[in-house]
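See structure below.
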Amino acid sequence: MNRKDWIFAILLVFVPISIAWNFLRWDVTIVFLSACLAIVPLAAYMGKATEEIAVVVGPNLGGLLNATFGNATELILAYAALEEGLIEVVKATITGSIIGNLLLVTGLSMFFGGLRYKEQKFQPVTARLNSSSMNLAVAAILLPTTVQYTSAAIEESVLQRLSVTVAAVLIFVYCLSLLFSMKTHTYLYEVGDADLDQESGEAVSVKKPNLWLWVGILLLVTIGVAVESELLVNTLEEATHKLGLTTLFTGVILLPIIGNAAEHATAVRVALKDKMDLAVSVTVGSSLQIALFVAPVLVIAGYFLGQPMALDFDPFELVAVAVAVWLTNSISNDGRSNWLEGILLVATYAVITLAFFFHPAPG
């Protein structure tokens, strides 16, 4: 095993620790922190299992599996919060995942890759398509929020129906984007796929992975993520209060970093190997999944759970997402990157982090 695998293997010890401490009724802060640490390796092994299964089932179905499970950790975590009625935490996690992937992870990838290579290139056509998709996502949360703030007399049920309808449109667009990338225009994404094979560092072998073994691992890991997410959500409010953090800061900054830790490491690692196509695919692709699939699914799920979650985001969160999308689009549209552009993205994320840290908890 390499260094990363050893780290994830060691962090797995926090799975039984968090469960045991919860049953022993120890301090909620300890349960919360141990659950956070436990989710990191579980998310990593979920991604690994999905990749191994994709090798067996083929590129088309494999691509669908990767797209579905790419943000499964965030979806499970947000769903657990949704069941508990923590609507604002769910919305904060959605915006935080988009901001973190676009600014922090893309920025770190460009910075570290730029230190080793003077200039790195990636597909400008794909970058422009991703930019347009992210603009749609911003519009989808901007318009319901605008409707709410410009119509004082609007009923909550009307806003909820609007949000469910918009969510259905976004899911439809997401399905079309899968069709585009995996069927009609696969040639635009072939570089990233080839790089993914090379990044694994393994020679192509005739012997394929054991399908049922990895399906079993995926099932166990998914159950583990669900259990740890439940522990985290149940202790979130009390633990964050004791730690001196607001739920807004925890949802926007802390939880997305935990859920995306494995993807963050992958993006930076492949950028260091001059595979910026793959790095951008991981970071921007993850943001698109959150915006076009995870968020709409949560809106529809909330409707049926009796926990109505409308797409009326806090204006401060909306501004942060718009800034992240605008800056990432302006930097990536030319298909080139360097270390200074990476610093610009990371610095913007740092400013947004500080703003959320000092932002008072919403009433």
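The values are calculated or read from the model by the stated rules, or taken from the named source; none is laboratory data. The structure presented is a predicted model; accordingly, all values stated were derived computationally and were not measured. Glycine gets a Cβ as well: all are built from the backbone with ideal geometry, and neighbour counts include every protein chain shown. Note: areas computed on protein heavy atoms with side chains; ligands, DNA, RNA excluded. Shrake-Rupley method; radii C 1.70, N 1.55, O 1.52, S 1.80 Å.
The region of the chain that goes longest without hitting one of the GluC sites (Glu not before Pro) in a DSSP loop, each with at most 14 other Cβ atoms within 10 Å, is 203-363. Take the Cβ atoms of Leu213 and Thr165, set R0 to 45 Å, and the FRET efficiency comes out at 0.60.
Charge dipole (Cα centre; +1 on Lys/Arg Cβ, -1 on Asp/Glu Cβ; no other charges) of the chain amounts to roughly 700 debye.
Scanning the chain for trypsin sites (Lys or Arg not before Pro) that sit in a DSSP loop and have at most 14 other Cβ atoms within 10 Å, the longest stretch containing none of them is 208-363. Based on protein heavy atoms only, the range 256-363 ends up with 39 Å² per residue of surface accessible to a 1.4 Å probe. Here the chain has 68 percent of its accessible surface on carbon and sulfur atoms, given a 1.4 Å probe and all protein chains in place. Size descriptors for the chain (Cα atoms only): Rg and Dmax, in that order, 19.9, 65 Å.
Compute the distance in nm between two label points, each set 7 Å from the Cα along the Cα-to-Cβ direction, one at Val13 and one at Leu243. So the two model labels end up 2.1 nm from each other.
Among the listed pairs Lys91/Lys183; Lys48/Lys273; Lys183/Lys208; Lys91/Lys121, a Cα-Cα separation exceeding 26 Å is found for Lys91/Lys183; Lys91/Lys121. May I ask which residue of Leu340, Ala355, Leu219 lies farthest towards the positive end of the charge dipole of the chain, with charges of +1 (Lys, Arg) and -1 (Asp, Glu) on Cβ and the Cα centre as origin? Final value for the positive-end residue is Leu340.
When +1 charges are put on Lys and Arg Cβ atoms and -1 charges on Asp and Glu Cβ atoms, the dipole computed for the range 242-318 relative to its Cα centre reaches about 300 debye.
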